[in-house]
Amino acid sequence: MRTLFTYCTLFPRRTAYVLIALLAAGIAEGLSLTALLPLLSIAVGDTANSDIGKKIVEVLQGIGIEPTIGVMLLIIVGGMIIKSLILLLANRQVGYTVAHVATALRLELIDALLASRWQYYLRQPMGSLSNSVATEAYRAANGFEHSVTVLALAVQVVVYGTVAMFVSWQATLTSFLVGIVILRLLHQLIRATRKAGTKQTHLLRHLLTYLSDVLGSVKSLKAMARDNVAEAILRDQTKQLEKATRREIMAREALMALQEPILATLMAIGLYLALVMWELSLPAVMVMVFLLTRLLSLLNKTQRKYQNLMAQESAYWALRTAIEEARAAAERTTGTRMPTFQTGISLRNVNFDYGTKTIFQELNLELPAHSFTTIAGPSGVGKSTMLDLLCGLAEPRSGEILIDGVSLREINLREWRRMIGYVSQENVLLHDTILSNILVGAPDLVEADAERALRQAGAWDFVSVLPDGLNTVVGERGGLLSGGQRQRIAIARALAHRPSFLLLDEPTSALDPESEQLVCETLRKLAKNLTVVAVSHQPALIAAADNIYTLSRGKAEPMQRPSEAGNNFDARAAISR
């Protein structure tokens, strides 16, 4: 019931619209059903034994309607038509609301994810997040549909129960009590469905997470003939998911199978009580048979829909947990000052760690504007973390990062990041055109911006001779381009919005010497108009820089440029020190 109540409180207006429409449909159906008893009484020529029949006839005559068989039939059919039309509108609203619920949940999760700190992403499997946005949001929206259906059926139960009470309150109460007992006995099947649904949600997350990781490294797995190992794990997880699905199906089908004989038994008992013990008239018995059959059928449907809701509810709560975790990891938004970038960046006594692992201790560093700086050092020394600090993706435990003398804590982070172009170590391109890979859907950028950025990145020469030019599709992860071409496309993407500050994480680590030299020349040209900071352990990139720092033991030391160090300079040895 908690999920049912939660859905109603999360979307109160839409739920209210649906419930009002369903209530109107129930009232229309109930009013039409009141004509059943006088109709049957007239048909068999027996009105004396039916008080409720007499009252209905009197009401109709009071408003000028002669209760003939034709009139009674028209009332019944008219009420059903009105009910059907109202239900059509209500069900359309339900469908619209289901789509809205799925969209609202997806957007809520996406907003929470994009607002969270970078460290949060490092702990999250991307496949799990993708599953939340796609599968869990869809299942959660279906849960809302089932919850509304439960409410709709409950309204109809009340309507039929009310009409039945006027005919025979003894038979109606007896049927209700017996029905409630049966529903309680069958509740174990609903619990089994809930457990199976929770298991499905858990297994789907693990399956899609592992599948995402496997597809990301499928090339190396196939090259080493180890794809069969991944297949075995995926097969095992898929089989477990199948078992959970079977348990849900078994519980659902068992509920349906048991409800039919139970309904027949209840009807037999009801007929016996009505004819033998309470001695109701034949028209009253016929109406009660119809009403109780309908009533018990609605109770059965309500329980089945509630069972479906229990199967889907775990998806909603898993999605809600993901949203709350992402919100708890939200980035700070305290800075309000607009950034400037005229003189440069200073790091003063910066300390940073990942839990027990210390990265920087009393780090001091100067990065002058309009220069090309390379930060070198062996793997694991904190080069990428340095870029995270400069972007505001990570915050120092103590110390200051000053932009033109202003602490980064006081600066509006979003505005500061608008001034940054960033090229990550793993240049994964979208399976889309070169144009889309550069603009990435930015509404304020046009094709001319892409061409300018490609020229700045030294990529226009090879892009312009491609058969489809900017509209060339680069393939999955950019696999139809060479490593150097992918790198320059990534640099163009970072330059498209005209940044003042370009950050590059190991931009030449996967390139051949010729491509590496082209990228270094590109960066030297870019440094004439903007500030370039690259982290790398590649000698070519170190040789191309104006300023060189090496990271070691949590500190940064200036390193002499190769041209100033004489013929005996060994960049690799200098980096490893």
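The values are calculated or read from the model by the stated rules, or taken from the named source; none is laboratory data. These figures come from a predicted structure and were not determined experimentally. Here Cβ is always computed from backbone atoms with ideal geometry, including for glycine, and neighbour counts include all displayed protein chains.
Quick notes on this one:
- For segment 517-536, a residue qualifies if it is of a type outside the set (Asp, Glu) and surrounded by fewer than 15 Cβ atoms within 10 Å (Cβ to Cβ), and the qualifying residues are Arg524, Lys525, Lys528, Asn529.
- When segment 496-518 is filtered for residues that are in a helix (DSSP H, G or I) and without any contact (Cβ under 8 Å) to a residue 40 or more places away in the chain, the ones remaining, listed by number, are Pro513, Glu514, Ser515, Glu516, Gln517.
- Checked against (1) surrounded by fewer than 16 Cβ atoms within 10 Å (Cβ to Cβ); (2) under 22 Å from Ala540 (Cβ atoms); (3) of a type in the set (Gly, Ala, Ser), Ala376 passes all but condition (1).
- Number of the exception - Ala453 against (1) of a type in the set (Gly, Ala, Ser); (2) touching a strand residue (DSSP E or B) at 6+ places or on another chain (Cβ under 8 Å); (3) not in a loop (DSSP other than H, G, I, E, B): (2)
- Any hit, segment 547-557, residues being modelled with pLDDT of 85 or more and part of a loop (DSSP other than H, G, I, E, B): no
- Taking every residue in segment 231-243 that is free of Cβ contacts under 8 Å to residues at least 40 places away in the same chain and pairing it with any residue that is aromatic (Phe, Trp, Tyr) and surrounded by 14 or more Cβ atoms within 10 Å (Cβ to Cβ), at least 6 positions away or on another chain, the pairs with Cβ-Cβ distances below 8 Å are Ile233/Tyr210; Leu234/Tyr210; Gln237/Tyr210.
- When the criteria are applied in full, Gly421 fails the requirement of being more than 18 Å from His497 (Cβ to Cβ) and either touching a helix residue (DSSP H, G or I) at 6+ places or on another chain (Cβ under 8 Å) or assigned by TED's automatic domain parsing to the domain that holds Pro558 (or both).
- Flag set for Glu395, criterion: in contact with a Leu (Cβ under 8 Å, 6 or more places away or on another chain), part of a loop (DSSP other than H, G, I, E, B), more than 21 Å from Ala534 (Cβ to Cβ) and at pLDDT 85 or above.
- Looking at Glu366, Glu362, just one residue is in the same structural domain as Cys520 (by TED's automatic domain parsing), without any contact (Cβ under 8 Å) to a residue 24 or more places away in the chain, in contact with a strand residue (DSSP E or B) (Cβ under 8 Å, 6 or more places away or on another chain) and not in a loop (DSSP other than H, G, I, E, B), and that residue is Glu366.
- For segment 124-145, the count of residues that are in the same structural domain as Lys199 (by TED's automatic domain parsing), more than 14 Å from Leu319 (Cα to Cα), of a type in the set (Phe, Trp, Tyr) and assigned to a helix (DSSP H, G or I) is zero.
- Of all residues in segment 110-145 being surrounded by 15 or more Cβ atoms within 10 Å (Cβ to Cβ) and acidic (Asp, Glu), the one that is nearest to Leu203 (Cα to Cα): Glu136
- Considering (1) in contact with a helix residue (DSSP H, G or I) (Cβ under 8 Å, 6 or more places away or on another chain); (2) assigned to a helix (DSSP H, G or I); (3) modelled with pLDDT under 65, the lone condition that Lys55 does not fulfil carries the number (1).
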